[in-house]
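To start, the structure under review is shown below, and the notes come after it.
The values are calculated or read from the model by the stated rules, or taken from the named source; none is laboratory data. Remember, predicted model here, so these are calculated numbers, not experimental data. Quick reminder, even Gly has a Cβ in these numbers, built from the backbone with ideal geometry, and neighbours come from all protein chains shown. These area figures cover heavy atoms from the full protein model, side chains too; ligands, DNA and RNA do not enter into them. Shrake-Rupley method; radii C 1.70, N 1.55, O 1.52, S 1.80 Å.
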Amino acid sequence: LLALAAVLLVGAITLLVSGLKGWRTGTSQNALDSANVALRQQPSTAHDLTLPETSSVPNNEPSKVAGNADAIDSPAKGAAADQAYSVSSNTATPTSAPPPLLNPALSGSSVAPLATTTTSDASSETPSNAAHPANNSAPPVEMNDRNAIAAKVDEAAAPPAAAPTPPAPEGAELKIAANTPMVPTDHTGAPMKSDAGTAGPAAATKGSAKETFAELGTYLDGKEILLRNDPQSGAWFRLVSRSSIHAQDRLVALPAFHPRITLSSGVQLKLLGGTEISFASTADVAKEDVAAHRAAPEVEVVYGRVVFVNTANSENTIRLKVGATAAQVRLVQNATLAVEVLRKYVPGRDPRQSPSPVLARFYAPDGDIVWTDGAGEQTIHAPQQWDVADGIISPIVAATTFPDWIDHEPAEQRTEQLYGAPVVEQSLDAKRPVDDQLLELFQTSHKREVKSLVARSSVYVGLFVPFVEALRDSDQRAMWKTHIDTLRAAMALGPDAANKVWETLKDQQGEPAAHDLYEMLCGYSAEQVGHTPDQIATGPIPRLIDWLENERLDYRVLAVEDLGEITGKHLMPHPEASPTERAKGVRIWRERLKAGEITAAPSP
C-alpha cells in the first residue's frame, strides 16, 4: 500500500510540473504574438524600413543584443523568413522631417538609442547621441523581437553619412583650367620645349598663336649621340631616337659621333663630332609666316662641321647663319653644301674679354646652290668652295678635292672611335644631365681611350674638370695636344666659356696656379714674345723654361706646348719623363737662350 501511494504521489507531482511548464510557455509565446500583432497593425508611415538583403552585424553586436541568433547570423535569412515584419519601400520618402523609430530603446536596456539623420538639409541633422521621441502608436517591444534585431542590422549595414562637401570658391574651376594647360611631350614623356625657350606648363601659358611648338624635323640615329640644351637649367641632355627637333633648339654632337637630322622640308643634316648648331625661334614670326619658317628654317652653325643634303624631289631653301654672316641658300635636288666653322684661337688674346674671330669654309661638291646675302644673289656651280672671315666672303673658286669628312668619318682619333665611343654611347642615358655622367665615367673608367674621349667631350658641355685632370695624367700623353687644341677652341667661343675654364682652374688648382696655367692656355703673341734677343730674354720664354722644371705635370705639359708653338723647337719633348731626362732638355733650352739662338718661328 505504501508503495502504491508513493507511485501515485510521484505521478501527481510530474503531472503538476508538466502542466505548469506548458502554461508558462504558452503565456510567454502568447505575449510575444500579441506584441507582434500590435506592431503589424500599427499605421504605415512614409519612413518604414525594409531589411537589406546583404546586411551584416558588427562583430560586437551579439554581445549587446539577446534574442534570435538566426536573425543575427543571417539577417537576410531572418528577413525572408518573417515577411510580416517588413513593410514596403515603394512609398516616397519625405525630406522635411526625420523618420520615426520603429523600435525605440527601452529604459534600462543595454542597446543604445538609434539615431536618424537626413541629408536633405544640413541644418535639420540630428546628433547621433540624441534619443528620438517614441512613436505613441507603437507599444514597447521586447528585445527578442525580430524587428528590434532587424533595426540593429540596418544600423550596422548603413554607410556613414558623408560629410558635406564645401562649395568650391567662385571662379576656382576657371583658375585651375588656366593654370594647368595641356603640354605637348615627346615620346619619352618629357615636355617639349617651346619656341620661347621654356619647357613645361610655363611655356604653354603664353597664349600667343605664334608661340606654338614649331616642330622642324626628327632625329633618328639612336646609336649616335646628339645633345639638346635645356634653357631653364642650362644642362645638356641626350636625345633618344625619333626625338622631334623644334625651333630654338640648341644641339651638340659629341666627338666621335655623327648624328643626322631630317628636316620636315626634306633637307638632311649630318653633324660631325664636336659641332654645335641652333635653330632660330618662331616667337617673333607672324602666325601666317610660321609655315614658311618651317619650310625654310634658320640654322646657325656655332662651330664644327655640318653637311646639308637636299633629299627632296624639288628645290629646297635653308637660312644659314655663321657668325655675323646670314644668307639664304637654295639647294637643287640632291645638292650638297658642307660647312666648317672655326672659332679661331688667337695666341696671346684673353677670350674672357671678347669673342674670337670666326672663320667659315663652304664646299659645294655637287649640285647647284643659289647663295643670297646682303651683297646680292649668285649661283654657285659645283664643284666649288669659298670662305667667309669676319663677315667678308672670299672669291668662289673651283675645287678639285674636298675634305674626307664630307662623305666619310674622319680618320683622326681612330682608337677613340673603336674603343672609346661604344663605352660612352652605352653609358650616357637621357634622364640625367650629360656633364654629371661624363664626370662619373671619367673618374671610374680605366681605359685610356675612354678617358681621352670623355675629356674631349666634356669641353662641349661646359665641363672642364676632366680636361684639367687629363693634363696631370701621364697615360693621356698621346692626347695632350688634342686636349689643349679642343680647350682653346672652346675658350674661343666667348667670354662665358673662357670664364668657366678660369673658374675650373681656380677651383682645382688654387688661384696662383690658375693664373699660370690660364696664361699658358691663352698662349703668347709675337709682340709678347719679342723679336730681338734682348726682348726674347725678358719675355715669356724664360718663364716657360722655368716651368719645365716644375714638379707639377700640367705645368710642364703646357710649357712644352707653348715653347714648341713659339719657336718651332722641341728640345724637351717628353714632359712626363724622368727628372734626369727632363734636366737634360732644360739645360739645352737655357744654353740656347743664353747664346741668343732662340727666335720666334714665323706665324702659320
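For the pair Arg242 and Lys506, what calculated FRET efficiency results from E = 1/(1 + (r/R0)^6), where r is the Cβ-Cβ distance and R0 = 45 Å, to the nearest 0.05?
0.60
On a full-extension model of 0.36 nm per residue, what is the gain between Glu377 and Glu551, subtracting their alpha-carbon distance, rounded to one decimal in nm?
Here the answer is 56.7 nm.
Based on alpha-carbon centroids, what's the gap between the range 298-312 and the range 343-390 in Å, whole number please?
Using only Cα atoms, the two centres lie 13 Å from each other.
Would you mind computing, in nm to one decimal, how far apart the modelled labels at Lys594 and Ile396 are, each placed 7 Å from Cα along Cα→Cβ?
Inter-label distance under the simple model: 6.1 nm.
What order do you get for 594-600, 341-347 when each peptide is scored by the mean count of other beta carbon atoms within 10 Å, highest first?
On the way: 594-600: 15.0, 341-347: 18.1.
Going from most to least packed, we get 341-347, 594-600.
Using a Förster distance of 22 Å, how high is the FRET efficiency between Val346 and Arg472, based on the Cβ-Cβ distance and rounded to 0.05?
Values: r = 26 Å, r/R0 = 1.20.
Working from the Cβ atoms, E equals 0.25.
Please report, in whole Å³, the volume per residue of the convex hull around the C-alpha atoms of the range 334-453.
205
Give the ranking of Tyr419, Tyr460, Tyr363 by solvent-accessible surface, highest area first, calculated with a 1.4 Å probe.
From most exposed to least exposed: Tyr419, Tyr460, Tyr363.
Take peptides 328-334, 309-315 and line them up by average Cβ neighbours within 10 Å, highest first, as a rough protection proxy.
328-334, 309-315
May I ask you to derive the FRET efficiency for Thr580 and Gln426 from their Cβ-Cβ distance with R0 = 30 Å, giving the value to the nearest 0.05?
Taking R0 as 30 Å, the efficiency between Thr580 and Gln426 is 0.10.
Starting from the residue with the highest accessible area, list Thr482, Thr444, Thr538 in decreasing order, probe 1.4 Å.
Thr538, Thr444, Thr482
Test of understanding: what is the full-extension gain from Asp407 to Thr538, defined as 0.36 nm times their sequence separation minus their Cα-Cα distance?
42.2 nm
Please tell me which of these pairs span more than 20 angstrom C-alpha to C-alpha: Lys481/Lys594; Lys321/Lys481; Lys344/Lys500; Lys223/Lys431; Lys451/Lys481; Lys223/Lys500?
Lys481/Lys594; Lys321/Lys481; Lys223/Lys500
Could you state the principal axis extents of the C-alpha atoms in the range 287-372, from the largest down, to the nearest angstrom?
For the range 287-372, the Cα extents along the three principal axes come out at 50, 36, 18 Å.
At 0.36 nm per residue, minus the direct Cα-Cα distance, what do Ala601 and Leu359 gain on full extension? Give it in nm, one decimal, please. Numbers along the way, then the final one.
Values: separation 242, 0.36 × 242 = 87.12 nm, distance 2.32 nm.
My answer for the length gained is 84.8 nm.
What's the percent breakdown of Cα-Cα distances in the range 508-578 across 10 Å bins, shortest bin first?
So the P(r) values, bin by bin, are 20, 53, 25, 2.
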